[in-house]
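Here is the structure we will look at, set down as structure tokens.
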Amino acid sequence: MVNVLKKTHEAWIVTLMASFMSKTVENKTVLNDFSDILFRHFTWIERELIKAGIDYDYNRDNVPIKVGNLKMILSNIASRLNELELMLPNIQNEALRFRLETDWDYIRFTVNTLKDEKITAFDANRTYKDINLSQEAVDSFTLFLFEESYKEYELIMIYNYLKAHFNDDFLNKIFQILVDESFFHLKSFGNMMAEMGILAVPRVLHKSLYQIEDVVQFLKDGIDEELAAKEQCKTLSESVARDSEELSRFFDFINYQENYHIELMKEALEYYSKKGSIEYYDKKGING
């Protein structure tokens, strides 16, 4: 079961990256939808592990994605689903096993029907659309995308882990909002990275990042990180304002979204601080 979780994690990442690198609307839409389904699979398998009291983490192998055409990554996705299908006997929940099997079968069939296209997501062109940015703005933009794409992936995994191990509806609703918001940001940044030819898979997380010992301190630190991200967005908005109103407005848009994230984290911090009991969080999943 732990290996099923790991391999599903990897299949999700590859499919998500494939959706970023595609420039065809139909391909991108289908792959994006499939990546969302595979992430849901990941959370359902995680739930089964928690119910069974099995220790696990979010470790995964490095996922190579650099390809010259889409068919290569589509073949990779299909191969990963073939591998996962062989692991189905490890899933004891019959309803879940049937759902996974039928989903994987359809995804595998569909990706084999998608039209091929040349991939430019790794050519390091460092241009975004037809916008003529200064070298300083390009460098700042590049650094921002690498840092923030990793941060958003990190936040998805952290809040998902917390949600899986909290036995509290109020907190879990906040964590789900933050997961959803981080997905939007990750997808936005991933598509931008592909456009600029610098697409890369976020690095693997150490378990200490999500198997959190001090939830109160984590939320306090998270608020500080969001404030820092706001400043980065503000700086980038100002640096590209003369060259691109579109990009300037985008960074303002992300900046203003962080305001609500901060308020949600403050709500969670206040609520959890008042509860102050281990019964609301158990990283082994006893109460989850």
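Couple of notes before you dig in:
- Over all other residues within a Cβ to Cβ distance under 9 Å of residue 117, the charged ones net out to +3, with Lys and Arg as +1 and Asp and Glu as -1.
- One chain, two ends: residue 55 and residue 260. Fully extended at 0.36 nm per residue, the span grows by 70.4 nm beyond their Cα-Cα distance.
- 147, 117, ranked by accessible area, largest first (probe 1.4 Å): 147, 117
- From the coordinates shown, log10 I(q)/I(0) by the Debye sum over Cα atoms at q = 0.07, 0.09, 0.10 Å⁻¹ corresponds to which of [x] -0.41, -0.60, -0.69; [y] -0.28, -0.47, -0.58; [z] -0.38, -0.58, -0.68: [y]
- Value of Rg to Rh for the stretch 84-221 (Rh from inverse mean 1/r over Cα pairs, i.e. Kirkwood): 1.06
- Dipole check for the chain: with +1 at the C-beta of Lys and Arg, -1 at the C-beta of Asp and Glu, and the Cα centre as origin, the magnitude is about 760 Debye.
- Distance in nm between pseudo-label sites at residue 241 and residue 72 (7 Å out along the Cβ direction from Cα): 4.2
- Calculated SAXS-style log₁₀ I(q)/I(0) at q = 0.16, 0.17 Å⁻¹ - the stretch 122-288, Debye, Cα scatterers: -0.91, -1.00
- Low-density loop cleavage sites - trypsin sites (Lys or Arg not before Pro) in the stretch 200-231, where at most 13 other Cβ are within 10 Å (DSSP): 203
- Links that overshoot a 26 Å alpha carbon limit, given the list 115/187; 51/266; 220/274: 51/266
- P(r) tail fraction, the stretch 142-218 - alpha-carbon pairs more than 21 Å apart, %: 32
- Take every Cα pair under 8 Å whose residues are at least 6 apart in sequence, average their separation, divide by the length of the stretch 1-119, and the relative contact order is 35 percent.
- Max mean-square fluctuation residue, GNM over the chain, Cα-Cα springs under 10 Å, options 100, 186, 16: 100
- Loop GluC sites (Glu not before Pro), the stretch 193-234, which have at most 11 other Cβ atoms in a 10 Å radius of their Cβ (DSSP): 213
- With Cα atoms as the point set, the radius of gyration and Dmax of the stretch 39-148 evaluate to 19.4, 57 Å.
- Each label point was placed 7 Å from the Cα along the Cα-to-Cβ direction; for residue 94 and residue 118 their separation is 5.3 nm.
- Here the gap between residue 217 and residue 1, fully extended at 0.36 nm per residue and compared with their Cα-Cα distance, gives a gain of 74.6 nm.
- Rounded to the nearest 20, the Cβ-based charge dipole of the stretch 122-288 about its Cα centre (Lys and Arg +1, Asp and Glu -1) stands at 480 debye.
- Stretch gain in nm, segment residue 227-residue 37, where the contour uses 0.36 nm per residue and the Cα spacing is subtracted: 65.2 nm
- The value of relative contact order for the stretch 122-288, using C-alpha pairs under 8 Å at least six residues apart, is 33 percent.
The values are calculated or read from the model by the stated rules, or taken from the named source; none is laboratory data. All of these numbers come straight from a predicted model, not from anything done at the bench. Note that we place each Cβ from the backbone using ideal geometry, even for glycine, and neighbour counts take in every protein chain shown. SASA here: full protein model, heavy atoms, side chains in, ligands and nucleic acids out. Shrake-Rupley method; radii C 1.70, N 1.55, O 1.52, S 1.80 Å.
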